[in-house]
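**Q** Could you have a look at this structure, given as structure tokens, before my questions?
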Amino acid sequence: MSTLSPNDQTDIVAADRAHVWHHLTQHRAFDQADPAVFVEGHGLRLWDIEGREFLDAVSGGVWTVNVGYGRRSIADAVHEQLVKLNYFAASAGSIPGARFAEQLIARMPGMSRVYYSTSGSEANEKVFKMVRQISAQHHGGRKWKILFRERDYHGTTLGTLAACGQPQRSAAYGPFAPGFVEVPHCLEYRSQFPDAARYGEAAADAIEHVIEREGADTIGALCLEPITAGGGVIVPPQGYWQRVQEICRRHDILLHVDEVVCGLGRTGTWFGYQNFGIQPDFVTMAKGVASGYAAIACTVTTEAVFEKFRHADGGELGYFRDISTFGGCLAGPAAALENMRIIEDERLLDNAREMGVVLERELRGLMERHAVIGDVRGLGLFWGIELVADRETRCPLDEALVGRVVGLCRRQGVLIGMTNRSLPGFNNTLCLSPALVVSHAQILQIVRAIDVALSEIAA
Ligand SMILES: Cc1ncc(COP(=O)(O)O)c(C=O)c1O
């Protein structure tokens, strides 16, 4: 807990208010209230600068701290690596880089190469560049377009915002790079294909219709989240992923799965796509790779893709001419190795599955008591609760009221999330992604807080 004197606390908050520009934040909010300043964490427990304790049900706010706070063994591994060697550009190899790549690939059958960088956006940009280069060097520049899905998010850079299915995230930042084409979302609760007998197949077929419209010979890749995260926690319906894979193979389109949120155990498997029996060509990951103890992202691909850069028409420019300076920071793979050891040795994938069952049962119980819950969906320790003003019409609950539920949980000491300024009219889903170490008692505490908050907004 914080041992700062009241004067120190005041100074820090004043310095923050004066000079820090917070992410995703309208600073007018700080005209009325101080920004939150967190100072310490252990497991799922978190303390702010005033000594208030919270239970964090969103793993660092944005589904990142998969193994929980306060892991001394990760800090030690990073410390040991940094005093030995902190950095050399990733054009050279490193001991933790080689070891982590080997261990990662061992958990991703069919994949073979790891390209290091430092954020999810960057990892996704690498794929976009690889796809463009494959098009230039193997398809005469024709297969240059990249498909992305309505409601999905792939990052904050201009390149990834061009592939953004959440209009409120990209608004005001265009114009964007051409060649990014949207396909429909697959959320059955907000059905776009009401007559479909099999919704999963119908939603996948909708992707194929876009492919046919654009011309398959113009499309290089399809980029999808395995389970849409910030767009409303959307688990694709039965049959969807198999059909998507089949469509991509038939049209010679590379399949890029963005595991930035689902990777490293969130859904009870190492990667989200492994729940669906598919074999991607690219997998990107970031947040949970080192649980936020160091900045590391990976773009993972197959030997077949890698080979395209060893034997290409590009002559001297045929290899992948890309660098991420801090992709050579060795704190990243050192932390990632220890993070992976913890997930394995503490059987956290099992815990994610087992506690996920408890969480789902409790949330479905909540749904029976609160008509404001329209839909509950998720997998493992990754859940969304869609709130509606009317269950019959499914009219979304007003974003301000959803925000009030988040605030009321916080008042009870429980931090939950919500879809936030992403989808006009549909920022109405509460999000839960507790660390993979969550206990049964903590799940009950989280659900109890939501229960109380929902009762309060109904009163
Ligand atoms: C699915 C997904 N992809 C990519 C990103 C971007 O990651 P980063 O913020 O590390 O650039 C995010 C961030 O929330 C994400 O949710």
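The values are calculated or read from the model by the stated rules, or taken from the named source; none is laboratory data. Note that the coordinates shown come from a computational prediction; the quantities given were computed from them, not determined experimentally. Note that each Cβ is placed from the backbone with ideal geometry, even for glycine, and that neighbours are counted across all protein chains shown.
**Q** Residues in segment 192-203: is at least one charged (D, E, K, R), farther than 20 Å from Arg132 by Cα and not in a loop (DSSP other than H, G, I, E, B)? Break it down into steps so the answer makes sense when it comes.
**A** Residues of segment 192-203 that are charged (D, E, K, R), as a first pass: 195, 198, 201.
Within this subset, residues satisfying the condition of being farther than 20 Å from Arg132 by Cα are 195, 198, 201.
Checking which are not in a loop (DSSP other than H, G, I, E, B) leaves us with 201.
Yes, segment 192-203 contains at least one residue that is charged (D, E, K, R), farther than 20 Å from Arg132 by Cα and not in a loop (DSSP other than H, G, I, E, B).
**Q** If we keep just the residues of segment 140-157 that are closer than 13 Å to Ile227 by Cα and in a loop (DSSP other than H, G, I, E, B), which is farthest from the ligand (Cβ to nearest atom)?
**A** Glu150
**Q** A follow-up question, please. Could you check how many residues of segment 1-16 are at pLDDT 90 or above and buried (at least 16 other Cβ atoms within 10 Å of the Cβ)?
**A** Total satisfying the criteria: 3.
**Q** I need the full set of residues from segment 423-442 which are surrounded by fewer than 22 Cβ atoms within 10 Å (Cβ to Cβ), at negative phi and small (Gly, Ala, Ser), in order please.
**A** Ser439, Ala441
**Q** Can you list residue pairs whose Cβ atoms sit under 9 Å apart, with the first residue in segment 139-157 being assigned by TED's automatic domain parsing to the domain that holds Ser121 and β-branched (Val, Ile, Thr) and the second being more than 16 Å from the ligand (Cβ to nearest atom) and part of a loop (DSSP other than H, G, I, E, B)? Count only pairs 6 or more apart in sequence or on different chains.
**A** Ile146/Gly179
**Q** On the basis of being closer than 28 Å to Asp217 by Cα, surrounded by 15 or more Cβ atoms within 10 Å (Cβ to Cβ) and of a type in the set (S, T, N, Q), does Ser170 make the cut?
**A** Yes; evaluated as a whole, the condition is true for this residue.
**Q** Let me ask something else. Within segment 152-173, track down each residue that is out of contact with any helix residue (DSSP H, G or I) (no Cβ under 6 Å at 6 or more places or on another chain) and closer than 18 Å to Leu24 by Cα.
**A** Asp152, Tyr153, Leu158, Gly165, Gln166, Pro167, Gln168, Arg169, Ala171, Ala172
**Q** All but one of (1) touching a residue at least 40 places away in the same chain (Cβ under 8 Å); (2) away from the ligand (no atom under 16 Å from the Cβ); (3) under 22 Å from Gly120 (Cα atoms); (4) in contact with a Phe, Trp or Tyr (Cβ under 6 Å, 6 or more places away or on another chain) hold for Gly268; state the number of the condition that does not hold.
**A** With respect to (1) touching a residue at least 40 places away in the same chain (Cβ under 8 Å); (2) away from the ligand (no atom under 16 Å from the Cβ); (3) under 22 Å from Gly120 (Cα atoms); (4) in contact with a Phe, Trp or Tyr (Cβ under 6 Å, 6 or more places away or on another chain), Gly268 is out only on (4).
**Q** For segment 267-319, give me each residue that is in a helix (DSSP H, G or I) and surrounded by 24 or more Cβ atoms within 10 Å (Cβ to Cβ).
**A** Gly272, Tyr273, Lys287, Gly288, Val289
**Q** From the residues in segment 201-221 that are more than 23 Å from Gly384 (Cβ to Cβ) and of a type in the set (A, V, I, L, M, F, W, C), which one is farthest from the ligand (Cβ to nearest atom)?
**A** Among those that are more than 23 Å from Gly384 (Cβ to Cβ) and of a type in the set (A, V, I, L, M, F, W, C), it is Ala216.
**Q** From the residues in segment 134-156 that are out of contact with any Phe, Trp or Tyr (no Cβ under 7 Å at 6 or more places or on another chain) and small (Gly, Ala, Ser), which one is farthest from Cys248 (Cα to Cα)?
**A** Ranking the qualifying residues of segment 134-156, first place goes to Gly155.
**Q** Quickly run through segment 117-130 and pick out the residues that are farther than 14 Å from Val283 by Cβ and either part of a helix (DSSP H, G or I) or more than 10 Å from the ligand (Cβ to nearest atom) (or both). First the steps, then the outcome.
**A** Restricting attention to segment 117-130, the residues satisfying the condition of being farther than 14 Å from Val283 by Cβ are 118-119, 121-122, 125, 128-129.
Within segment 117-130, Ser121, Glu122, Glu125, Phe128, Lys129 meet the criteria.
**Q** Now for a separate question. Residue check: is Met108 touching a residue at least 60 places away in the same chain (Cβ under 8 Å), aliphatic (A, V, I, L, M) and within 22 Å of Arg353 (Cβ to Cβ)? Even if it seems obvious, please write down each step before you answer.
**A** Numbers: touching a residue at least 60 places away in the same chain (Cβ under 8 Å): yes; aliphatic (A, V, I, L, M): yes; within 22 Å of Arg353 (Cβ to Cβ): yes.
When the stated conditions are applied, Met108 passes them.
**Q** For Ala33, which of the numbered conditions (1) within 16 Å of the ligand (Cβ to nearest atom); (2) of a type in the set (A, V, I, L, M, F, W, C); (3) surrounded by fewer than 13 Cβ atoms within 10 Å (Cβ to Cβ) fails to hold?
**A** (1)
**Q** Looking only at segment 375-408, which residues are surrounded by fewer than 18 Cβ atoms within 10 Å (Cβ to Cβ), of a type in the set (Gly, Ala, Ser) and closer than 21 Å to Ala449 by Cβ?
**A** Residues satisfying the conditions are Ala400, Gly403, Gly407.
**Q** Right, something else. Could you count how many residues in segment 222-236 are part of a loop (DSSP other than H, G, I, E, B) and either within 10 Å of the ligand (Cβ to nearest atom) or not assigned by TED's automatic domain parsing to the domain that holds Gly120 (or both)?
**A** Applying the first criterion (part of a loop (DSSP other than H, G, I, E, B)) to segment 222-236 yields 225-227, 229-233, 235-236.
Applying the additional criterion that residues be either within 10 Å of the ligand (Cβ to nearest atom) or not assigned by TED's automatic domain parsing to the domain that holds Gly120 (or both) yields 225-227, 229-231.
Residues flagged as part of a loop (DSSP other than H, G, I, E, B) and either within 10 Å of the ligand (Cβ to nearest atom) or not assigned by TED's automatic domain parsing to the domain that holds Gly120 (or both) within segment 222-236 amount to 6.
**Q** State the number of residues belonging to segment 242-264 that are within 16 Å of the ligand (Cβ to nearest atom), crowded, with 24+ Cβ neighbours inside 10 Å and without any contact (Cβ under 8 Å) to a residue 60 or more places away in the chain.
**A** Here the count works out to 3.
**Q** Tell me which of these Glu201 doesn't satisfy, since it passes every other one: (1) touching a residue at least 24 places away in the same chain (Cβ under 8 Å); (2) within 23 Å of Gly263 (Cβ to Cβ).
**A** Glu201 satisfies all of (1) touching a residue at least 24 places away in the same chain (Cβ under 8 Å); (2) within 23 Å of Gly263 (Cβ to Cβ) except (2).
**Q** Further, regarding this structure: Scan segment 249-266 for residues that are touching a Pro at 6+ places or on another chain (Cβ under 7 Å) and of a type in the set (D, E, K, R) and report the count.
**A** Here the count works out to 1.
**Q** Additional query: For Thr393, are the conditions met, namely being of a type in the set (Val, Ile, Thr) and within 18 Å of the chain's Cα centre (by Cα)?
**A** no
**Q** Give the residues of segment 337-366 that are under 27 Å from Gly97 (Cβ atoms) and of a type in the set (D, E, K, R), sorted by residue number.
**A** Glu338, Arg341, Glu344, Asp345, Glu346, Arg347
**Q** Modelled with pLDDT of 95 or more and closer than 30 Å to His139 by Cα, is that true of Ile211?
**A** Yes; evaluated as a whole, the condition is true for this residue.
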